[in-house]
């Protein structure tokens with residue numbers, strides 16, 4: 001099985017186990033893990049950790065993300081966020097870095113509205129028009145400011161276009177919320 005397929009299968013299985021309440025079974029033998037506390041809206045960090053599998057034997061350690069994440073909590077699926085301001089106008093026409101900053105700012109707002117935070121994000125999907133190394137580095141810069149102590153599982157996908165011809169990035173996440 002190719003390495004990319006193997007990584008996907010491992011992550012999908014671990015997330016499925018965690019979603020079904022089998023977080024203890026999702027621990028991969030020999031993996032390096034990181035935990036981050038879950039906080040409900042306005043509540044202190046609880047005893048229910050978000051569990052990240054940062055490395056897997058036989059696979060290279062990924063830069064800035066984990067192979068899998070799980071949590072014994074309710075999963076919250078967030079719609080993709082783009083660089084729209086409060087009036088619905090696109091921010092940063094032709095400026096990828098500005099769109100990345102606005103998109104992450106919007107992401108923080110919807111996470112808070114959903115009773116979550118960057119610390120409880122399990123998975124991130126990035127959809128990027130014109131994906132290249134420069135755009136990857138722009139995303140990593142802001143991502144590392146937002147996700148300071150966690151490394152959610154993630155996928156970065158180059159796309160031909162988004163909903164608006166001037167939109168250059170969309171980010172969707174899955175987060176955990178204490179019930």
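Here, each number is a calculation from the coordinates, and none is a lab measurement. Bear in mind that the values here come from a model prediction, so they are computed numbers and not experimental data. Quick reminder, even Gly has a Cβ in these numbers, built from the backbone with ideal geometry, and neighbours come from all protein chains shown.
Here are a few things to note about the model shown:
- Inter-label distance, nm, simple model (7 Å from Cα along the C-beta direction), residue 61/residue 166: 4.3
- Shape call, region 54-179: gyration tensor on alpha carbons, a/c limit 1.5: oblate
- Amide N of region 83-104 lying under 19 Å from the label point, which is placed 7 angstrom from the Cα of residue 159 along Cα→Cβ: 83-85, 88-104
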